[in-house]
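Here's the structure we're looking at; comments come further down.
Just so it is clear, none of the values below were taken in a lab; they were calculated from the coordinates. What you see is a predicted model; the values in this text were computed from it and never measured. Cβ coordinates were reconstructed from backbone atoms using ideal geometry, including for glycine residues, and neighbour counts include every protein chain displayed.
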Amino acid sequence: MTSIELSGVGKTYGRTHALADVDLTFDRGVTGLLGPNGAGKTTLLRIVATSIAADRGEVRLLGRDPHRSHADVTAVRRELGYLPQELGYPSDMTAFGFIEYVAVLKEWNDRGRRSQEVRRALEAVGLADQATVRISRLSGGQRRRVGLAQALLGDPQLLVLDEPTTGLDPAQRADLRRTLSVLGHRSTVLLSTHQTEDVAALCERVVVLAGGTVRFDGAVTDLVATAVGRVWLADEPGGDALVSWRTGTGRHHVVGGTPPAGADPAEPTLEDAYLLMLGPDADRVLERP
Amino acid sequence: MSSLSLPASGTAGHRAMAVIEARRMARHPVFLLGVLLGFVVLGLYFVLVTDDSGVPAVLSLPLLGAFYIGLTTVIAAALLTRSTEVAVEAVATAPGTEARRTLALAAAGIPPFVAGLAFSVCLVVGVEVIGVAPQEWWFGTLPDWQVWSIVLMCPVACLDGALLGVLTGRWLRFRGASAVVVVALIVVTLLGQTPLLETGSSEWRVWVPWALFHTGDNADGTQTLIAGNPAAYLGYQLALGALAVVGAIWHDRTARTTRFRALVAAVAAAAVALFVIAATTGNQDNRDSDPIPSRIAG
């Protein structure tokens, strides 16, 4: 069974088309959503997380239409973990207290098992030793991890994470990658991020959104392959390059445009491919074999 | 499925949520401040106001508990309600509905109720220890059920304060909403009954959320017991609290089922009926006590 099926899904805010006729399906594994601000990533994730309804199209989650009945949406939510982009926290609660509160809402009714699960979730995000600290006293990164912990409760079949790595230091990001890679073997993990390296390190599949439409949907390696032959290391910045910058070695990393004189072809990164995908030559990039 | 009909495992879940909310209220600094003030003021009253005849105007003292504990509880409960809603996008995508969260929040009324009950017990015990003037409206001059009904208005008002706070937190989102509600509550309580107290229609004052049944000492040393049925009024207060809960649950559109609408109507009807009973039964007219010599002014 496909975990997430979106067909012809659209969402409009006033005159802004946040999503336009999006067709996507997701199964087990970790998929990264990339796109500039306003691309529709958060709208897409909120629809999948049953937080908002699509204006058009069909949404099926775990084989159910979440807006058909209260029973259907409840059944989906029992298998859902969701980290919103901006999550507020009750200032009077400790990390443990907040996660326990969400655990109760997620129907962890047995007190002993609930406490055990809350501790497990806090350990998974490296906050076990901060469990009794009030959330208002935690740092921004720690609060983000509290949000992650509530999403991880019960190893959900659907895990929807909107910019989960924001505010995390490199070690914490590495820990999160480890946790999500394990979860990805048995769950459908959908995450949005601006960090292409997180997608490169973690996701087998990447979807690039821009202007509410899908610009790319495929394997990470396939997206990187679209940039082969369009990235160079040169002594001069590229005149018509999409973007170029001076690296630590003193040479310029040139993405797109025509290669400067004496340029050496460079191994493209996912970020290079992503930038090319969103640049003015995007259509040409997509037409490449 | 109605969002109020819990699944098989829901009762345990609801109990767990209720325990969490009650615990949060019990630790809330605004509530704790109100409790502290209530007991300190009661203690000071016993120490500073008591005269040779005993504790004066005993039946007006439940007002102290209702004022300090009940009103601060409105603010505390509203803050509790709003505080979890800052995480609404995460909690709203969990299986538990807003209606269930609201119902659990009603359990935040348990600590104020217990505090109000403790206040009432302290009042009764303190008065028994210190003593009262024989003319005082109290056990002996009034039927016990009337005394208990007036004394127990304090814990019920404290409970209602929490429920009103939940209602406020659900519907009013602007900053300082709970403070505005507290002020409005005081104004309505005063303006809704003060003009009626000395009239022949004083029993109709009982529509307000805190009806006075005792005037305190009059200048001639008497005390006035105001008309109405305090036991029915206690029921009316409870019905007002229930209305606050269903009003808060009404905020969740998914909860507005036919059965729930019927429940709202039934609670409203009960409140009206209890109001009418409170106004038309019990003491028909205001009654003055015999004068207490030590309290005659001048």
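Rounded to two decimals, what ratio of Rg to Rh does chain A give with C-alpha atoms and a Kirkwood Rh?
Looking at chain A, the ratio lands at 1.02.
I'm checking a number: the convex hull volume of the Cα atoms of the protein assembly as shown, normalised per residue, in Å³. What is it?
194
Rank-order A:5-18, B:20-33 by packing density, defined as the average count of other C-beta atoms within 10 Å over each peptide's residues, highest first.
B:20-33, A:5-18
For the range A:223-287, what is the charge dipole size about the Cα centre, in debye to the nearest 20, if Lys and Arg each add +1 at the Cβ and Asp and Glu each add -1 at the Cβ?
That gives a dipole near 120 debye.
Averaged over its residues, how many other protein chain Cβ atoms are within 10 Å of peptide A:66-75's Cβ atoms?
2
At 25 °C and 0.890 mPa s, what whole-number value in µm²/s does Stokes-Einstein give for the translational diffusion of the range B:85-221, with Rh from the Kirkwood sum over Cα pairs?
After rounding, the answer is 136 µm²/s.
Taking the Cα centre of the protein assembly as shown as the origin and placing charges on Cβ (Lys, Arg +1; Asp, Glu -1), which of B:Thr189, B:Ala244, B:Phe67 is farthest toward the positive end of the dipole?
Of the options given, the answer is B:Ala244.
Based on the alpha-carbon gyration tensor of the range A:1-70 and its eigenvalue square roots a ≥ b ≥ c, which shape applies: rounded if a/c is under 1.5, prolate if not and a/b is larger than b/c, or oblate?
oblate
Could you work out the local net charge near A:Leu127, counting Lys and Arg as +1, Asp and Glu as -1, over the other residues with Cβ closer than 11 Å to its Cβ?
Here the charged neighbours net out to +1.
What is the spread of the Cα atoms of the range A:134-289 along each of their three principal axes, largest first, in whole Å?
Here the spans come out as 57, 33, 27 Å, largest first.
With each run of n ≥ 4 DSSP H residues scored as -39500 (n - 2.57), what mean residue ellipticity at 222 nm is computed for chain B after dividing by its residue count and rounding to the nearest 500 deg cm²/dmol?
Helix contribution divided over all residues of chain B: -20000 deg cm²/dmol.
In a shell of Cβ-Cβ distance under 15 Å around B:Val181, excluding B:Val181 itself, what net charge do Lys and Arg (+1) and Asp and Glu (-1) give?
Here the charged neighbours net out to +3.
Taking the beta-carbon count within 10 Å as an exposure proxy, list A:Ile135, A:Ile52, A:Ile4, B:Ile150 from fewest neighbours to most.
Lowest to highest Cβ neighbour count: A:Ile52, A:Ile4, A:Ile135, B:Ile150.
If the label point is 7 Å along Cα→Cβ of B:His251, which residues in the range B:151-174 have backbone nitrogen under 17 Å from it?
Output list for this probe position: B:160-174.
Hey, how many Å between the Cα centroid of the range B:181-234 and the Cα centroid of the range A:174-242?
After rounding, the separation between the Cα centres reads 71 Å.
Grab the other residues whose beta carbon is less than 13 angstrom from that of B:Phe31, score K and R as +1, D and E as -1, and report the net.
Combined, the nearby Lys, Arg, Asp and Glu give +1.
Positive end of the dipole of chain A, charges at C-beta (+1 Lys, Arg; -1 Asp, Glu), about the Cα centre: which of A:Leu6, A:Pro237, A:Ala71 has its Cα farthest in that direction?
A:Ala71
Taking amide hydrogens as modeled 1.01 Å from N in the peptide plane, which residues meet the under 5 Å criterion relative to B:Val55, leaving out close sequence neighbours?
Sorted by chain and number, the residues that satisfy this are B:Gly131, B:Val132, B:Ala133.
How large is ³J(HN,Hα), in whole Hz, for each residue of the range A:262-278 in order, when computed from phi with the Karplus curve 6.51 cos²θ - 1.76 cosθ + 1.60 and θ = phi - 60°, using x for Gly and Pro?
Once θ is set to phi - 60°, the couplings for the range A:262-278 become x, 6, 10, x, 10, 5, x, 9, 5, 5, 4, 5, 5, 5, 5, 4, 9 Hz.
Per 10 Å bin from zero, what fraction in whole % of the C-alpha pairs of the range A:223-287 is there, up to the bin with the longest pair?
Spelled out bin by bin, the range A:223-287 gives 27, 56, 17, 1 percent.
Work out the mean other chain Cβ neighbour count within 10 Å for the residues of A:143-152 and drop it here as an integer.
Mean inter-chain Cβ contacts per residue within 10 Å come to 1.
Let me understand the range B:173-226 better: what is its radius of gyration from the alpha carbons, and its Dmax, in angstrom?
Cα only, the range B:173-226: 14.3, 49 Å (Rg, Dmax).
Rank-order A:85-92, B:232-239 by packing density, defined as the average count of other C-beta atoms within 10 Å over each peptide's residues, highest first.
My ranking of the peptides, most packed first, is B:232-239, A:85-92.
For the range A:238-252, just list the computed ³J(HN,Hα) in residue order, Karplus coefficients 6.51, -1.76 and 1.60, θ = phi - 60°, integers in Hz, with x standing in for Gly and Pro.
x, x, 10, 5, 5, 7, 8, 8, 7, 8, x, 7, x, 8, 9
Between the helical axis of B:230-249 and the dominant principal axis of chain B, each derived from Cα atoms, what acute angle in degrees is found, rounded to the nearest 10?
So the helix axis and the longest Cα principal axis differ by about 20 degrees.
Kindly give Rg over Rh for the range A:89-155, based on alpha-carbon atoms, with the Kirkwood expression for the hydrodynamic radius.
0.93
Just need the relative contact order of the range A:89-155 here, percent rounded to a whole number, with Cα pairs under 8 Å and 6+ apart.
46 percent.
One-quarter of the Cα convex hull surface for the range A:85-125, in nm²?
If you wrap the Cα atoms of the range A:85-125 in a convex hull and average its projections, you get 3.3 nm².
Rg(Cα) of chain B divided by 2.2 N^0.38 Å?
1.07
For the protein assembly as shown, with only Lys/Arg (+1) and Asp/Glu (-1) charged at the beta-carbon, what is the dipole magnitude about the Cα centre, in debye rounded to 20?
740
For A:Asp23 and A:Arg120, what is the calculated FRET efficiency with R₀ set at 51 Å and r taken between the beta-carbons, to the nearest 0.05?
0.90
For chain B, modelled as a Gaussian network with Cα springs under 10 Å, which listed residue fluctuates most, B:Phe119, B:Phe139, B:Phe213?
Looking only at B:Phe119, B:Phe139, B:Phe213, the biggest GNM fluctuation is shown by B:Phe139.
Would you mind giving the mean number of other chain beta-carbons within 10 Å of the Cβ of each residue in A:77-86, as a whole number?
The shielding value for this peptide is 3.
Starting from the amide H of B:Gln223, placed 1.01 Å from N in the peptide plane, find each other amide H under 5 Å away whose residue is 5 or more places distant or on another chain.
B:Asn218, B:Ser289
Of the beta bridges DSSP finds with both residues in the protein assembly as shown, what % are antiparallel, to the nearest 5?
65
Cα-Cα pairs above 16 Å in the range B:141-183: how many percent?
The share of Cα pairs beyond 16 Å in the range B:141-183 comes to 50 percent.
Taking amide H positions as placed 1.01 Å from N in the peptide plane, with prolines and chain starts having none, which residues 5 or more places from A:Thr165, or on another chain, fall under 5 Å of its amide H?
none
Quote the charge dipole size of chain B about the Cα centre in Debye, to the nearest 20; the model charges only the Cβ of Lys and Arg (+1) and of Asp and Glu (-1).
It comes to approximately 1740 debye.
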